[in-house]
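Novice: Below is the structure I would like to discuss, written out as structure tokens.
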Amino acid sequence: MKLKERVRQFIRHNSIILFFRLLADAVLEAYSQSRHLGASRMMHDEVKFAADLCIRTHAIEKGMSIGSVRVGFGQPKVLSLIDDLLIYVSRFPSAQIDESMAVIERYIAFNCHNGCNVEQVASRYEQLKKAYAMRENIEAGIASCNRAETLQAANASFDLFSQSRYSIRDFDQQGVIDENDIIAAIDIARKAPSACNRQPACAHIYKGKKAHELFDFQGGCNGFGQDMPYAILVTADMRRYFINERHQMYVDGGLFAMELLLSLHYKGVATIPLTTAYKTMRTRLLKKRFGIAANEVPIMIIGVGAYKESYKVAVSHRNPVASYYKMHD
Ligand SMILES: Cc1cc2nc3c(=O)[nH]c(=O)nc-3n(C[C@H](O)[C@H](O)[C@H](O)COP(=O)(O)O)c2cc1C
């Protein structure tokens, strides 16, 4: 090998040099993210502010979709959401908050229906109604689904099949899952594409007590984690990527995770994707506690359980199709 080539190889594969090259890239990325992530100057940017309101609205909506929901939950959070919606509409007059308002309305109705007095929320909501003219007939809150129809949808055309998948928070506590269905779903999900066919994903399957420990650690499934007998932690292997691909494993791992969600849905298993978006130290702890190798990155956890005969779901309203694309001529 010529000297020039040897130097090139050394620079390329030396881990100390790689560290500094990555650091430079990470600094540039931190610069961009410090300006553009929602966390930066959130209340001065319509989109960032809206994202925060969307997360808080959805927390209320999904709270109502939990099987063993505690009636009257979250009143302080709803009150503070209303306060911030008032600030939002006063600061951004063209803003739309119909979905948030519809969820709050369903929240009030849901609690009244279950005999819980949420008068303070109701009267604060009246103020919001005066400040913003809400559109009618917004789909929001919870919807009822039926197991037989859901299973039937597995054989429907793709548009109907994919529309029938929901994140489930209302599981059959006595339901039994056939492990073969999980393996069969992983088998189907292997068809997920990955950059240069690198296939970095691994599904770590945890059962019973270990699954519940993982749900407790995850923290986003309080109130229904105990009703799911399996947890699947999808990871992607960093070793298959190179310097300009620092985030590619999240794309490839995410595609596999989505395909796995649909495959499990196809096998008639109820699922919920659960975030593993943590800061580095917590990610390290997750890996240590749950037997994940240092070279793997967590993509998401999939909670797995059984459908009830009849179950409820959070509607999770989708934005209009026009907001999902831009044509470039
Ligand atoms: C990466 C990811 C992380 C999620 N994390 C959570 C979570 O921690 N807790 C939860 O209840 N839902 C979680 N969800 C579910 C979302 O709330 C749900 O996908 C969204 O509202 C759309 O609803 P749908 O899945 O029913 O269509 C997560 C979804 C994704 C894709």
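Novice: Given the structure, is residue 268 within 21 Å of residue 205 (Cβ to Cβ), outside any loop (DSSP other than H, G, I, E, B) and either more than 16 Å from the ligand (Cβ to nearest atom) or small (Gly, Ala, Ser) (or both)?
Specialist: Spelling it out, it is not the case that residue 268 is within 21 Å of residue 205 (Cβ to Cβ), outside any loop (DSSP other than H, G, I, E, B) and either more than 16 Å from the ligand (Cβ to nearest atom) or small (Gly, Ala, Ser) (or both).
Novice: Checking residue 239 against (1) more than 14 Å from the ligand (Cβ to nearest atom); (2) within 30 Å of residue 157 (Cα to Cα): exactly one of these is not met. Which one?
Specialist: Going through the list (1) more than 14 Å from the ligand (Cβ to nearest atom); (2) within 30 Å of residue 157 (Cα to Cα), residue 239 breaks only (2).
Novice: Working carefully through the options 277, 314, 322, find the one that is within 16 Å of the ligand (Cβ to nearest atom) and either over 17 Å from residue 257 (Cα atoms) or at pLDDT below 95 (or both).
Specialist: Just one listed residue meets the conditions, 314.
Novice: Suppose we filter the stretch 42-70 for residues that are modelled with pLDDT of 95 or more and either touching a Pro at 6+ places or on another chain (Cβ under 9 Å) or assigned to a loop (DSSP other than H, G, I, E, B) (or both); how many remain?
Specialist: 3
Novice: Shifting gears a bit: So residue 289 clears everything in (1) away from the ligand (no atom under 15 Å from the Cβ); (2) surrounded by 18 or more Cβ atoms within 10 Å (Cβ to Cβ) except one condition, right? Which one?
Specialist: The one condition residue 289 does not meet is (2).
Novice: A further question on this structure: Spot the failing condition for residue 177; the list is (1) more than 16 Å from the ligand (Cβ to nearest atom); (2) touching a Cys at 6+ places or on another chain (Cβ under 6 Å); (3) of a type in the set (A, V, I, L, M, F, W, C), and only one is missed.
Specialist: (2)
Novice: Taking only the stretch 139-174 into account, find how many residues are within 14 Å of the ligand (Cβ to nearest atom), acidic (Asp, Glu) and in contact with a Lys or Arg (Cβ under 8 Å, 6 or more places away or on another chain).
Specialist: Number of matching residues: 1.
Novice: If you don't mind, there's one more thing I want to ask. I'd like to check something: does the stretch 227-234 contain any residue that is in a helix (DSSP H, G or I), assigned by TED's automatic domain parsing to the domain that holds residue 162, within 13 Å of the ligand (Cβ to nearest atom) and out of contact with any Pro (no Cβ under 7 Å at 6 or more places or on another chain)?
Specialist: Yes: one or more hits.
Novice: Then there's this: Can you list residue pairs whose Cβ atoms sit under 6 Å apart, with the first residue in the stretch 146-171 being surrounded by 13 or more Cβ atoms within 10 Å (Cβ to Cβ) and the second being among the charged types (D, E, K, R) and not in a helix (DSSP H, G or I)? Count only pairs 6 or more apart in sequence or on different chains.
Specialist: 147/309; 170/312
Novice: Considering 117, 137, which residue is in a loop (DSSP other than H, G, I, E, B), free of Cβ contacts under 8 Å to residues at least 60 places away in the same chain, over 20 Å from residue 314 (Cα atoms) and among the polar types (S, T, N, Q)?
Specialist: 117
Novice: Give the number of residues within the stretch 140-181 that are of a type in the set (S, T, N, Q), more than 16 Å from residue 267 (Cβ to Cβ) and part of a helix (DSSP H, G or I).
Specialist: Total satisfying the criteria: 1.
Novice: For residues that are within 13 Å of the ligand (Cβ to nearest atom) and among the β-branched types (Val, Ile, Thr), scanning just the stretch 298-311, find the one that is nearest to residue 236 (Cα to Cα).
Specialist: 299
The values are calculated or read from the model by the stated rules, or taken from the named source; none is laboratory data. The structure displayed is predicted, hence computed values, not measured ones. Heads up, the Cβs are rebuilt from the backbone with ideal geometry, glycines too, and the neighbour counts pull from every protein chain shown.
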